[in-house]
Amino acid sequence: MADPTVVLGRTVDVIVARITEFLATAGSGRLLAELSRAGLDVVLLTEGIDDPLPRICPVPLGGGRVHVRTLDGVRAHEITPDGPRPLPADGSAVLDGVLAEASSRGIGPALVLVVLATPGDLGLLGPGIGRCVVAALGDQHGPLPLDITRVPGDGGLRCLVEEQLLRRRRRRVPSVDPDPDWTLREPEPPPERRRVVESLTTLAAAGVATRGAAEEDRGRGMAPTHAAGLYRGRGAGSELRPLPRWTDLRVEPPPTGTIRTLDLRSGVLLREEVPAPSAALRSLRLASPVRAGVVALRAEAGAGRLHAGRVPGAAERGTRRGGSGTRHWATTPRGAAGAAALAVDERRGRDGDLRTVERIACYAVGGAAPRLGVALDGLSHAGRAGFDELLAESRRRWARRWEVVDVRIPSDPDAQRALRFALFTLWGLAPAGPVAELAVGARGATGPGYRGHVFWDADVFVLPALAAVAPDAARAMVRYRIARLGTARRRAAASGYDGARFPWESAEDGEDVTPRRARLRGRSLRVRTGALEEHVTADVAWAAAHLAEWAGTPAFLSGPARPLLIGTARYWHSRCRVDDAGRAHLDHVIGPDEYHEDVDDDVFTNGMARWNLRAAAALAERLDPTDAEPPAWRALADRLVDGLRADGGHEQFAGYDRLEPLLAREVAEPPVAADLLLGRQRVAASQLIKQPDVLMLHHLLPREAGPASLPADVEHYTPRTAHGSSLSPAISAAVLARAGRADEALGLLRTALTLDLEDLTDTTAAGLHLATAAGCVQAVLFGFLGARVERGILVLDPHLPDEWPQLEARFGLLGAHVRVEIDQGAVVLRTDRPVRVRLGDGPTTRVLDVAHLGSARAERPA
Amino acid sequence: MSAATPQAGVLVRSDLDATVQQIARVVATTLGVELRGIDPSSNGDGRVLARELDRSGALTLASRVDDVAWAVVQEAATPVLLVPVAVDRVTPRLRRVLAPLDGSPDAAAALRIAARFVTGELVVLHVLGPGEIPRFWDDPAHAERAWCEEFRARWCDRPGTRVELRTGRAAERVPEVAHDEAADLVVLGWSQRLDDGHAPVVRHAVARADVPILLVPIGRAPR
């Protein structure tokens, strides 16, 4: 018999074989039980399903499942400890059913081993077999079109099975399915791009993110692990705290090149040495989406090359480390802005010439003092589950995620994969259990960029996307703001105003941490965003209201989020100036278009404040009709200057129309940082804008901006937008799509989708641009799909580009998971709970499970 | 001089003025190597001197800017320390070195070659030309710091390095920043080609700078 460790040379997670072959293998029942205990699924194919069932598995099974399926795909049973249990028959080709079942657990076809027993099996199993790992028993097949591993007919199946059992027992590195629709493959980058690749291959779960740094780097360069909202230091210098390292390995000599494969489908990162020597370095990591703070790694390489590093590795001075045997720990220094603990359990083993390392670790994040007990406790639980189960449950969670949230664009696999990458990035923020709050910095926890400070990006870019992807995370984001209301009230009072004023940049304690000065081309510049970019206060309120409406949870707004709306409205009420004519103004502000500082009556700021006043008034009146404040808020809102011109469009701020009428293309092809190109003064004196301002109001508050003004505003501001902000292209795409300019919108969406993947900013190394990722999701949902929620009704108004004849979007809202399928204009909605839905201006329908809504309107000319 | 035994050191043209001699001495002292004089008249033209320089094993040759020097810099594989006409002062040590980098592997390699000359603070200058303006420049409080940080990490990740960013034409900005930063030395990587409008930054720096310039040959094109 051949060496059982090298039959396939890779790990699979499902084995498909004929039942007759399996039962002919000596000790088949015990073997099945062993496979099941090792977490492997076995699918046994049979002509007639009834006869052999009782004798398949006489001993108890483990975590892996055993199925019996008829070769016609009509009948299927699952063998359980209580006996056979019928499975729903799908009637599809047998392998399709198997692959769909595997897919529902995060297992791709390339992790399914199909054992062919007869020449006819190939045809019986259908075309899906081309994506599987295939082994042929015996030599009766002759020439075969697939890359098939041939094994002896006599004992070959046992060889295949034992190889898989041995690989698990010896803690070999699992495989991933390299399906390009689901993976990001990054060959060894040149040194200057290494940190970019580290960002792109970050694994994050429950807000703890570990960059894809090489294990053997052992902390050289950027700290690999951070947690959202865990800071050190105070004020403008506060920054994300680098956490103790859990991935260090000593590899000598180190590999000269590796390929990283980030598997979006199952949430793992595989790293493989190339060119591969006989005992190549391979590693696979996961960040558990199920258990907060739990991470795990397996690695293998030649026994003389691979040595476990000193783990945990310290990422900052004052780190304490300890432990004995296989278990070690580290704690960060105490800190008012938060501390962390890491506990690690490591097992080493051998498989022939290979050394294997298996590591399970658990972070406990938060609290002024490190909570080592929590980390050790989490590690104990994870350790009891074991690596294989951690991987399996992680895959299952990811499969569930993709089941309910996804974007499928058959004609545009690049955009589809990039959108999946955006969703993958956002899911890194999803909590694994109850969490008090979530602070989402500009780069999340994927890198130290922008010091992890929280901007308006979090409230109006990330949150609306998360509301459709991971609503628990969105709620935790609002709670972050609610918990800092006291600080916001003090800040308003210190400015001489009422209510609550939120800071432009925020960290742990909610104080304004915006730097006061910055270097600009050799000179020190006064930074004015902290003082003037005040729309953030209304943005915070808008985010809470949007979440309540989108999720269909008005009680959230009238309950925990109520003080946000009321406090911010009070701020605007005291902040506005009313002139002699009775018109209200917001003077001295910076809108989203930061090229123009210290302007009056910025349309976005005024519009957001107006909405804030009205929304708070409506809420307050509903809760207490005798409340005296709401009428005053409404009256002020009605007087607030809206910037509407006679032509139906808006003047971005008072005096904007008198500026030099410069268009973006007259200076350079957008996107371009026009302030760098022309200088700040020149840009400030022109009509060039950095990002949507008036159009941002149309995006967030279509009614407030007035739908009738959208065409005029799109026409006017689109050519004036330089897109010099990474926030700009995605939101512009959303607005353009809504305005019926879907093909133009797609171009901008592509820019946003590649912003990090192609490092268009040259700063992806410091972390992924979360707001851009979220903006892309918004562009699809709110732009191309035209989805919004109005009074508990899902309204769809799709506008697809010519390149997308089909689009399927899966997302959550109103407590349901819905799928919107558009095919050549025909719109179908599927839902797992009843929802009320309207297509465009059509009638409202209550959909219980599936409904054909009709046809999307044709794209309007610009 | 004898070229038989290559020896790390600093060569200085003995036919030049006292300022050049003193600057060469400062460089040699800073680097902790011997200072040796060389008389170009005994070696014929600049090309011969360039070969002598390469054979000598010296770290550099200090020279004023003249025809001989231009011939040497175009031929020698060894960095050459040019003292522009405007330089009339001598600093006691190399406290601050300015290294313009264009964000190419070649330029970074030149800086590595010249690493020994960087004994104090290193200021890396990157000039964004009209065709090199980034597409995105986010928050004004953070964007430049973040960009410079990444540029440093990519091209000159050495302790004590500061990155300065400017816009405009590099040829103009290099002497300006060298002056503003009170640099004691400018390190410039270059292709050793002066024909067809090549090396505008080198030409401009040599003509305008008031600080010695170390020209480091990189990516030498076949002649």
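What's the total number of residues in the stretch A:190-246 that are on the phi > 0 side of the Ramachandran plot, within 14 Å of chain B (Cβ to nearest Cβ) and touching a helix residue (DSSP H, G or I) at 6+ places or on another chain (Cβ under 8 Å)?
Looking only at that region, the number is 1.
Filtering the stretch A:173-185 down to residues that are crowded, with 22+ Cβ neighbours inside 10 Å and in contact with a Lys or Arg (Cβ under 6 Å, 6 or more places away or on another chain), which residue is farthest from the other protein chains (Cβ to nearest Cβ)?
A:SER175
Can you name the condition, by its number, that A:ALA544 falls short on among (1) within 32 Å of the chain's Cα centre (by Cα); (2) surrounded by fewer than 23 Cβ atoms within 10 Å (Cβ to Cβ); (3) of a type in the set (A, V, I, L, M, F, W, C); (4) at pLDDT 95 or above?
(2)
I'd like to check which strands (runs of 3 or more DSSP E) are fully inside the stretch A:260-318 and have at least 2 residues that are without any contact (Cβ under 8 Å) to a residue 60 or more places away in the chain and over 23 Å from A:GLY433 (Cβ atoms).
Result: A:268-273, A:294-302, A:306-308.
Restricted to the stretch A:29-45, and to residues that are modelled with pLDDT of 85 or more and not hydrophobic (A, V, I, L, M, F, W, C), which residue is nearest to A:ASP72 (Cα to Cα)?
Among those residues, the one meeting the criterion is A:ASP41.
A:ASP512 - would you say it is over 21 Å from A:GLY559 (Cβ atoms), of a type in the set (Asp, Glu) and touching a helix residue (DSSP H, G or I) at 6+ places or on another chain (Cβ under 7 Å)?
Yes: the conditions hold for A:ASP512.
Being assigned to a loop (DSSP other than H, G, I, E, B) and touching a residue at least 60 places away in the same chain (Cβ under 8 Å) is the filter; apply it to the stretch A:213-223 and report the residue that is farthest from A:PRO448 (Cα to Cα).
Top of the filtered list is A:ARG218.
Can you tell me which of A:ARG305, A:ARG245, A:ARG282, A:ARG291 is closer than 30 Å to B:PRO159 by Cα and of a type in the set (D, E, K, R)?
Being closer than 30 Å to B:PRO159 by Cα and of a type in the set (D, E, K, R) holds for just one of A:ARG305, A:ARG245, A:ARG282, A:ARG291, which is A:ARG245.
Do you know which residues across the stretch B:151-192 are among the polar types (S, T, N, Q) and within 9 Å of chain A (Cβ to nearest Cβ)?
If the condition is that a residue be among the polar types (S, T, N, Q) and within 9 Å of chain A (Cβ to nearest Cβ), then B:THR167 is the only one that fits.
Taking B:ALA3, is it farther than 26 Å from B:ARG193 by Cβ, touching a helix residue (DSSP H, G or I) at 6+ places or on another chain (Cβ under 6 Å), surrounded by fewer than 22 Cβ atoms within 10 Å (Cβ to Cβ) and modelled with pLDDT under 95?
Yes: the conditions hold for B:ALA3.
Here is a list of conditions, (1) crowded, with 21+ Cβ neighbours inside 10 Å; (2) part of a strand (DSSP E or B); (3) in contact (Cβ under 8 Å) with a residue 40 or more places away in the chain, and A:ALA418 meets all of them except one; can you say which number that is?
Answer for A:ALA418: the failing condition is (2).
Only one of B:VAL48, B:VAL65, B:VAL85, B:VAL12 is under 20 Å from B:ARG116 (Cβ atoms) and not aromatic (Phe, Trp, Tyr); which?
B:VAL12
When the stretch A:449-462 is examined, which residues are found to be within 11 Å of chain B (Cβ to nearest Cβ), assigned to a helix (DSSP H, G or I) and more than 13 Å from A:ALA774 (Cβ to Cβ)?
Passing the criteria: A:GLY449, A:TYR450, A:ARG451.
Matching residues to (1) more than 14 Å from chain B (Cβ to nearest Cβ); (2) within 30 Å of A:VAL835 (Cβ to Cβ); (3) assigned to a strand (DSSP E or B); (4) in contact with a Gly (Cβ under 7 Å, 6 or more places away or on another chain):
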site	(1), (2), (3), (4)
A:PHE502	yes, no, no, no
A:SER524	no, no, yes, no
A:GLY530	no, no, no, no
A:THR537	yes, no, no, no
A:ALA541	yes, yes, no, no
A:ALA555	yes, yes, no, no
A:PRO560	yes, yes, no, no
A:TYR571	yes, no, no, yes
A:ASP580	yes, no, no, no
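Yes/no per residue for (1) buried (at least 16 other Cβ atoms within 10 Å of the Cβ); (2) among the small types (Gly, Ala, Ser); (3) more than 19 Å from A:ALA33 (Cα to Cα):
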site	(1), (2), (3)
A:THR70	yes, no, yes
A:GLY83	no, yes, no
A:PRO88	no, no, yes
A:GLU101	yes, no, yes
A:GLY108	yes, yes, yes
A:LEU113	yes, no, no
A:GLY120	no, yes, yes
A:CYS132	yes, no, yes
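Looking only at the stretch B:132-148, how many residues end up being more than 7 Å from chain A (Cβ to nearest Cβ), surrounded by fewer than 20 Cβ atoms within 10 Å (Cβ to Cβ) and over 10 Å from A:ARG519 (Cβ atoms)?
Qualifying residue count for the region: 1.
Among the residues of the stretch A:229-250, are any touching a Pro at 6+ places or on another chain (Cβ under 8 Å), of a type in the set (A, V, I, L, M, F, W, C) and under 21 Å from A:LEU391 (Cα atoms)?
Yes: one or more hits.
Restricting to the stretch A:225-247, give me the number of residues that are assigned to a loop (DSSP other than H, G, I, E, B) and at pLDDT 95 or above.
Of the residues in the stretch A:225-247, 10 are assigned to a loop (DSSP other than H, G, I, E, B) and at pLDDT 95 or above.
Across the stretch A:640-668, what is the number of residues that are of a type in the set (D, E, K, R) and buried (at least 16 other Cβ atoms within 10 Å of the Cβ)?
2
If you go through the stretch A:439-448 one residue at a time, do you hit one that is more than 29 Å from A:GLY552 (Cβ to Cβ), away from chain B (no Cβ under 14 Å), hydrophobic (A, V, I, L, M, F, W, C) and surrounded by 19 or more Cβ atoms within 10 Å (Cβ to Cβ)?
So far as the stretch A:439-448 goes, yes, one or more of its residues are more than 29 Å from A:GLY552 (Cβ to Cβ), away from chain B (no Cβ under 14 Å), hydrophobic (A, V, I, L, M, F, W, C) and surrounded by 19 or more Cβ atoms within 10 Å (Cβ to Cβ).
Quick one: which of A:ALA826, A:ALA809, A:ALA787, A:ALA856 is crowded, with 17+ Cβ neighbours inside 10 Å, over 30 Å from B:ALA143 (Cα atoms) and more than 24 Å from the chain's Cα centre (by Cα)?
A:ALA856
Can you name the residue in the stretch A:728-737 that is out of contact with any strand residue (DSSP E or B) (no Cβ under 7 Å at 6 or more places or on another chain) and over 10 Å from A:CYS776 (Cα atoms) and, of all such residues, is farthest from the other protein chains (Cβ to nearest Cβ)?
A:ALA737
Identify, please: which residue in the stretch B:71-90 is touching a helix residue (DSSP H, G or I) at 6+ places or on another chain (Cβ under 7 Å) and not aliphatic (A, V, I, L, M) and is, among those, surrounded by the fewest Cβ atoms within 10 Å (Cβ to Cβ)?
Per the criteria, the residue is B:ASP88.
From the residues in the stretch A:380-409 that are in contact (Cβ under 8 Å) with a residue 40 or more places away in the chain and in contact with an Asp or Glu (Cβ under 6 Å, 6 or more places away or on another chain), which one is farthest from A:ARG334 (Cα to Cα)?
A:ARG408
Checking the conditions here, which among A:HIS799, A:HIS769 is of a type outside the set (D, E, K, R) and over 23 Å from the mean Cα position of the chain (by Cα)?
Just a single option satisfies the conditions, and that option is A:HIS799.
Restricting the search to the stretch A:141-192, which residues are within 19 Å of A:LEU111 (Cβ to Cβ) and at pLDDT below 90?
A:LEU146, A:ASP147, A:ILE148, A:THR149, A:VAL151 - these are the residues of the stretch A:141-192 that are within 19 Å of A:LEU111 (Cβ to Cβ) and at pLDDT below 90.
The values are calculated or read from the model by the stated rules, or taken from the named source; none is laboratory data. Treat the numbers as computed from the prediction; the structure is a model and nothing was measured. Virtual Cβ from ideal backbone geometry, glycine too; neighbours counted across all protein chains shown.
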